[in-house]
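In what follows, a single structure is set out as structure tokens and then discussed.
The values are calculated or read from the model by the stated rules, or taken from the named source; none is laboratory data. These numbers come from a predicted model, not from an experiment. Positions of Cβ are backbone-derived with ideal geometry, glycine not excepted, and every protein chain shown enters the neighbour counts.
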Amino acid sequence: MSPDFRKKTATKGVTEEMFLKRVLSASLALLALTAITYAQQQQAPAEENQVSAQKGPHEGRRLGRMDGRHRGSAAMRELNLTEEQRQQQRAIMQRQLGATKAQREELFKLREKRFAGALTAEDEARVQALRLELRDSMQSIRTEMQSVLTAEQRAKLEELNTERKARRDEMREHRRDKREHREPMPQ
């Protein structure tokens with residue numbers, strides 16, 4: 001990592017460790033949400049047709065696939081969850097999403113304030129507090145969702161997470177090497 005990059009990140013108060021934790025948290029949240037989305041779409045294809053008839057041609061579509069369906073996360077597919085496990089995880093996510101709705105909405109409003117340039121020091125402190133609350137909530141979701149898995153599935157998930165971390169570290173090293181060997185841009 002270049003000294004300039006470290007200096008910039010240090011002045012912003014963002015450490016590499018915090019960045020990695022945020023990326024991991026976001027990845028796990030996305031993984032859980034994808035699994036829930038996949039399970040819900042398996043249950044109610046008729047509902048989707050009714051909703052799409054009420055909306056315009058592009059509303060309600062999911063990104064990534066033209067037919068509006070997600071394939072689910074690779075990790076969840078590899079764990080071969082039973083239908084009961086999918087339902088339990090879906091219930092966990094919906095309960096947690098409901099429990100954190102107010103915090104997420106408040107954080108969204110504060111983000112809009114930031115973009116408008118009207119964020120105060122008190123607002124920034126509130127943003128940090130909300131992020132901690134949501135991070136704790138995500139950790140409890142992970143713990144609760146893992147409790148639904150069998151010992152074999154937990155071991156497989158740990159293996160998948162280790163592989164993903166190794167690939168991420170390898171890509172980070174590759175980008176770092178690429179940056180270090182890049183010729184300086186002409187001024």
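When S73 is tested against (1) in contact with a helix residue (DSSP H, G or I) (Cβ under 8 Å, 6 or more places away or on another chain); (2) modelled with pLDDT of 90 or more; (3) not basic (K, R), just one condition goes unmet, and that condition is (2).
Could you please give the count of residues in region 87-103 that are surrounded by 13 or more Cβ atoms within 10 Å (Cβ to Cβ) and either of a type outside the set (A, V, I, L, M, F, W, C) or over 29 Å from E163 (Cβ atoms) (or both)? Here the count works out to 7. A single entry from E163, E112, E84 fulfils the requirement of being surrounded by fewer than 15 Cβ atoms within 10 Å (Cβ to Cβ), within 19 Å of T37 (Cβ to Cβ) and modelled with pLDDT of 90 or more: E84.
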